[in-house]
C-alpha cells in the first residue's frame, strides 16, 4: 500500500467507522488479515451504566477485560485525536491500526498482556503500565509510552502499540473500539494474538482466580472499566 | 502457529520418553535417518538451546528439530541464589521439557554428546550418530581447573553452585548446618557465567546473616577491581550497609585452598574459614576444543558477534561458551537463541530476515533479602544497513519494587521457555 492510498484508506475507515461498526469490521478484515472479530461488548462504568467517554481522564490508565473475562486491556484517553497508522511487524508485514475513537477520536485500547513474555496486571501487581507525557518512565526517559518493567519492552500507544525499544517481538495487540450513539464498544482485536499462550502459561492461576478455567475463557459482551490503580494493589513503574 | 504443531506427535514423544530403552540395541550408527535440508540439531537444553529449538519450530513448523540434553529435567541457575537463602523453594527452579515435545514437536533426546564431526555433519551421542543441516551448540561452561588447580579439591567440600542442580542443593545443606564465624566467598576474574551472581550471593548471605542475628564475618575475595556491573549498587552494600560484617578484598587471587584445614592462601595473605563458597575460573567446555571449533589455549569460542555463526557454515555457538557483545547469562543465551532461530529459519525457508536483530540482556540482582538493583544492555543490528546501536541502562537504587520485577523477569523467561 503506498502512502497516498494508505492515508486515503485511513480517512475512509475512520469516517465510516463513526457511522457503521460493521463497515469498520469489514474494512479492517479486508486490509490487514490481522483483525479478529469477537463478541461486541459495551464498555460500562462501575455503576453498570454505559461509559461516558468524557469521564476518562487524560493521562490515566483504565482497565477492562476483553475479549475474554480474564484477558485485561488498557483503555486510554490521550486527550487529542489519535490518527490511524500503519503497524509494521518484525517479519516485514504490516497492518493498519485505525487510531482513536470517541468524540475527539482520542480513546484507544490495547491488550494489557505484554507480547514479550506475557506479564499482565493482576490484583497484586501491574508491571505493564502507561506513562503519560508528564510522568515519563525513568528507565525509558520518555512519556506517552506503555512500558513493561519486567523486561523493559516499550510501546508507542499513539502509533498502534508499535515496539519502540526492548525485547518484544510484537507490538501491543490493539483492542478495536467503536463509538456509537455516545457509547463505546469493543468489537475485536487487531495484531498478533497470544491468548493461547496466555491461557497455557497461566492456566492454574486463572483457574484459582475464576474458580474454573472454563469461566476464565468465557467471552464477554460487556466490560466494566475501572482505573488500574483501583484494580491493582501495587502499580510498579520503572 | 499451525494446528499441526500443537498436535502430540507420537514419534517425538517416543523419542523423548523411551529412547533409553530403544538405544540399548542401537549400535553407533546413524539414528533418526538422514537430514533432508531442514534438520536443526541443538546441543544443550539450557536457556539458549531450548529457545532455539522452540523458536525454529514456531517459525518453521515443518523443520525437524532435535534437542540433545544430558539432564532429564531443566533446573534454572537464575534465581538459585534466592534458593540458598530460603527466598524460594528449589522446586520453583525445576521444569520438565515435555511442552517442547508435545506443543512444538521438538524431538528431545536425553543423551550425552561424545563428539561432533563438523565435516560429516554428525553429532555423536552415546547411542549413535545424528545427522544435521544446522547445528547449534549451547553448552554453557566448565570449571577451569587448569587455570587455577587450587579449586579442584575444594569442589567436593564447598561446591561453586554455578552449574544448576546438585551443587546448589549441597551448598544449601552445608549453609544450613554452618555454625562457625568466618565465611569466605571467592570471585574469579571476568569473564565467567553471570557477572553479578557472586556479588548478589555475597550481599544476600550478608543480609541473611543479619536477619538471623548470626555473628559471622564474610571475607569476599575478588580477583577483579570491583563488581563489573551494577558497581555502585553493590559497593553501597559492601562499603556501607555490611561494612562491619564483611571484608571486601579486590584484585586478590586465590593461590591455594586447603579444604581440610580450612585455610585459603591468597595474594593478600592467608585466611582461615569455617564455611566457604569457592567459585573457580570458567571456560567453554573442552568438547568445543576437541571438535576443532576452538583453538587449543582459547577459553571461549570466537563467533560472529551478530549472528553467532562460527567459522563453520551453519554451525552456531550461543550462550556462555561464546565471545559476544552480551554478558554470559541465561537471559543473554535466551536472547541469542531467538536471534539464531530467526537466522536458521530464514535460511531453511530461503527468505532473508528483513527486520532488526535485537541482542538484549537484562540482569537483576538482590542486594538484601527484599531489595534489588538492575541493568539492561541492548544491541540492535540492522541486517540491511549493517549497523549496530548500543544502549546501556543501570538502576543502582535499592528498591523493593525492583526485587518484585526480578521475580517477574524470571517467571517471564520460564513462561517463554516452557509454555
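The values are calculated or read from the model by the stated rules, or taken from the named source; none is laboratory data. Keep in mind that this is a model prediction, so the values were computed, not measured. Methodologically, a virtual Cβ is constructed for each residue, glycine included, from the backbone with ideal geometry; neighbour enumeration extends over all protein chains shown.
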Within segment B:101-141, track down each residue that is within 20 Å of the chain's Cα centre (by Cα) and either closer than 22 Å to residue B:347 by Cα or surrounded by fewer than 19 Cβ atoms within 10 Å (Cβ to Cβ) (or both).
B:112, B:135, B:136, B:137, B:138
Within segment A:84-127, how many residues turn out to be without any contact (Cβ under 8 Å) to a residue 24 or more places away in the chain and either within 14 Å of chain B (Cβ to nearest Cβ) or surrounded by fewer than 21 Cβ atoms within 10 Å (Cβ to Cβ) (or both)?
3
Inspect all residues belonging to segment A:167-177 and state whether any of them is touching a helix residue (DSSP H, G or I) at 6+ places or on another chain (Cβ under 8 Å), surrounded by fewer than 18 Cβ atoms within 10 Å (Cβ to Cβ) and over 30 Å from residue B:396 (Cβ atoms).
no
If we keep only residues of segment B:379-419 that are more than 10 Å from chain A (Cβ to nearest Cβ) and closer than 25 Å to residue B:53 by Cβ, then the residue modelled with the lowest pLDDT is B:383
I'd like to verify a number: residues in segment A:68-83 that are crowded, with 20+ Cβ neighbours inside 10 Å, in a loop (DSSP other than H, G, I, E, B) and either at positive phi or touching a strand residue (DSSP E or B) at 6+ places or on another chain (Cβ under 8 Å) (or both), how many?
3
Quick check, is residue B:334 at pLDDT below 95, within 14 Å of another protein chain (Cβ to nearest Cβ) and surrounded by 21 or more Cβ atoms within 10 Å (Cβ to Cβ)?
no
Which strands (runs of 3 or more DSSP E) does segment B:355-413 wholly contain that include 3 or more residues that are in contact with a helix residue (DSSP H, G or I) (Cβ under 9 Å, 6 or more places away or on another chain) and surrounded by fewer than 20 Cβ atoms within 10 Å (Cβ to Cβ)?
B:387-399
Tell me which of these residue B:188 doesn't satisfy, since it passes every other one: (1) at pLDDT 95 or above; (2) closer than 21 Å to residue B:396 by Cβ; (3) crowded, with 21+ Cβ neighbours inside 10 Å; (4) out of contact with any strand residue (DSSP E or B) (no Cβ under 6 Å at 6 or more places or on another chain).
(2)
Quick one: count up the residues across segment A:130-161 that are more than 12 Å from chain B (Cβ to nearest Cβ) and part of a strand (DSSP E or B).
7
